[in-house]
Amino acid sequence: MNCIGCPGACPEPANDVLPSTREVVSIVASKTEMSIQSANTRRRPDGEPTKRVMQALEDSLQANTKASSSIMEQLRQCPEAFKVGEILGKAFDPLKYAQDGGELGDRYLPPAGVVIPPLV
Amino acid sequence: MIGLPLDVTFPKLKGIRWRYCTRWDEGPAAVLGMSLLRLGICRPNDWSGSAVDFVERGFRRFCSQNGAYDVKSVWVGDLRITDSLFELTEQERSQVEAEREGMIDHLYLVGDYEAAASIPIGATLARLQAAHNLLPVAFYEVLTTNLYKWMRVYDYLDAQEHAEMWMEDLSDEELEASTYRKVDMEIPACIKRHSKTLKYRTARNLLREIQPHTSVARELMRHLLEMEAHGQGHEHAWPGQISEKDVPGIETWLSDAEYYRPGCLITWYENDAINACFDEEAQHMGENGPCQPNVALPIHLNKPAKELDEEVRRVFDHASAMLRSLASAAKIVELVRDLYDEYLREHRLEPGFPAEPGAAGVRDE
């Protein structure tokens with residue numbers, strides 16, 4: 001890269017004069033190479049935020065990979081949990097709908113997953 | 001009677017993102033986002049906590065830096081990064097996601113147009129002919145070839161094909177009254193005479209050499225040469241170029257789809273025979289399935305970082321060239337429309353010419 005030996009010779013383009021992708025890429029590539037060469041001698045204001053975001057993206061990718069098999073993982077680790085859930089579900093069944101005196105079809109318990117807004 | 005205000009307050013949530021994406025969206029976006037960050041297209045301060053938002057912010061800035069605003073002045077459509085070549089309904093998307101095992105390994109850069117931009121070029125060709133006899137055909141050849149890099153162009157050649165097909169079944173009487181006959185008759189002599197003999201390279205050299213006297217003609221030449229320079233080295237990335245090896249299942253997908261819709265309509269004058277043929281064809285576009293997008297470039301996410309960056313760079317270079325080239329084309333189209341409007345005004349002012357508002361004076365953009 002031409003820019004390695006002459007930092008500052010290739011300034012960032014002004015916002016109104018926009019570089020092509022190739023230019024953007026080459027500017028970034030020059031900066032990366034410069035920062036690798038002089039990592040011990042100069043501060044890199046952009047290095048830490050970039051690393052942090054790269055890590056956050058890596059984390060969201062990992063979370064995505066894990067999430068895609070979370071049910072299978074839970075089932076593998078604790079198959080009894082599903083049995084317990086089933087028993088509890090059946091125990092609450094009588095409470096879901098109105099019993100004696102109530103109108104048919106009225107729910108006492110909301111369906112699973114419903115978010116009820118607090119009323120003041 | 002005015003009721004008392006209800007004692008209800010709405011909570012204000014701070015630091016909450018406006019949009020949340022499913023885990024299917026975040027994974028591929030994270031892989032692409034890392035590549036865009038390495039290439040400098042996304043910046044650290046684009047990060048808001050979501051990989052999809054991160055990619056979107058970088059991509060939006062990239063598009064506006066490459067002239068998307070100018071392009072939008074003429075073309076209605078979109079350039080998007082998506083996981084599917086066709087638009088899916090919510091139900092279809094849920095079904096695809098339910099059947100999917102693991103994270104998708106492809107994203108696509110897709111470009112498409114909602115409507116064909118009207119380019120009534122007759123008055124412009126007449127103006128160019130005043131400068132040089134070959135200038136209209138050279139201008140037409142270079143303009144259409146460069147538009148073809150980014151979109152399907154509907155012009156007199158498509159209209160001729162459509163007209164020939166329908167004329168086969170017409171009687172002599174019907175032919176006499178038919179619009180189809182006019183397609184051939186309305187082709188300007190300057191185009192008809194030289195279009196088959198003038199090669200692209202010669203046409204481009206002519207544009208570089210000829211110095212027209214009028215400023216509008218010079219401006220047209222300048223924008224066209226700019227357009228040509230931005231698009232150099234690029235070819236039309238139509239979906240048919242994606243191989244089965246590259247994206248398994250693509251052939252079946254494409255065989256169920258219709259040919260892509262035109263991004264522009266080049267007529268001599270509005271409401272001429274080309275326009276009539278286009279209207280007839282447009283009525284049936286998309287009837288037998290979704291239309292293929294005009295531009296589709298795959299991004300393979302399951303590659304080592306260096307190779308992925310190369311591919312993303314290549315795809316974004318294509319997007320940049322497309323936007324810059326179309327931004328120059330938009331300036332040409334605006335000039336062409338101005339010249340057409342001038343032609344309309346001049347002809348209405350002629351004594352004896354009926355100055356009635358006709359459909360030709362109304363441009364539906």
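Of note:
- Residues of the stretch A:56-80 satisfying the condition of being more than 30 Å from B:Phe54 (Cα to Cα) and modelled with pLDDT of 70 or more: A:Cys78, A:Pro79, A:Glu80
- Some residue of the stretch B:342-365 being within 29 Å of B:His230 (Cβ to Cβ), assigned to a loop (DSSP other than H, G, I, E, B) and either among the acidic types (Asp, Glu) or modelled with pLDDT of 95 or more (or both): yes
- Test: residue in the stretch B:256-274 that is in a helix (DSSP H, G or I), hydrophobic (A, V, I, L, M, F, W, C) and farther than 21 Å from B:Leu88 by Cβ: yes
- Matching option when the condition is modelled with pLDDT under 95, loosely packed, with under 12 Cβ neighbours inside 10 Å and either within 21 Å of the chain's Cα centre (by Cα) or closer than 19 Å to B:Trp238 by Cα (or both), among B:Glu90, B:Glu176, B:Glu114, B:Glu101: B:Glu114
- Apart from one condition, B:Ser84 fits all of (1) in a loop (DSSP other than H, G, I, E, B); (2) crowded, with 18+ Cβ neighbours inside 10 Å; (3) hydroxyl-bearing (Ser, Thr, Tyr); the exception is (2).
- B:Arg43 more than 11 Å from chain A (Cβ to nearest Cβ), under 29 Å from the mean Cα position of the chain (by Cα) and at pLDDT 75 or above: no
- Note on the stretch B:61-87: residues that are within 16 Å of B:Leu109 (Cβ to Cβ), within 14 Å of the chain's Cα centre (by Cα) and β-branched (Val, Ile, Thr) total 1.
- Boolean, B:Ile242 is among the β-branched types (Val, Ile, Thr), closer than 18 Å to B:Ala117 by Cβ and either in contact (Cβ under 8 Å) with a residue 40 or more places away in the chain or touching a helix residue (DSSP H, G or I) at 6+ places or on another chain (Cβ under 6 Å) (or both): no
- Selection count where residues are in a helix (DSSP H, G or I) and over 15 Å from B:Ile81 (Cβ atoms), scope the stretch B:44-66: 4
- Residue that is nearest to A:Leu57 (Cα to Cα) [pool: residues in the stretch B:278-309 that are within 13 Å of another protein chain (Cβ to nearest Cβ) and either small (Gly, Ala, Ser) or exposed (fewer than 14 other Cβ atoms within 10 Å of the Cβ) (or both)]: B:Ala305
- Residue within the stretch B:309-317 that is under 16 Å from B:Pro262 (Cβ atoms) and touching a Phe, Trp or Tyr at 6+ places or on another chain (Cβ under 9 Å) present: no
- In the stretch B:60-76, the residues that are more than 14 Å from B:Gly263 (Cα to Cα) form Cβ pairs under 6 Å with partners that are of a type in the set (A, V, I, L, M) and part of a helix (DSSP H, G or I), at six or more places apart or across chains, as follows: B:Asn66/B:Leu323; B:Gly67/B:Leu323; B:Gly67/B:Ala327; B:Ala68/B:Leu323; B:Asp70/B:Ala327; B:Asp70/B:Ala330.
The values are calculated or read from the model by the stated rules, or taken from the named source; none is laboratory data. Quick caveat, the model's predicted, so the values are computed rather than measured. Note that each Cβ is placed from the backbone with ideal geometry, even for glycine, and that neighbours are counted across all protein chains shown.
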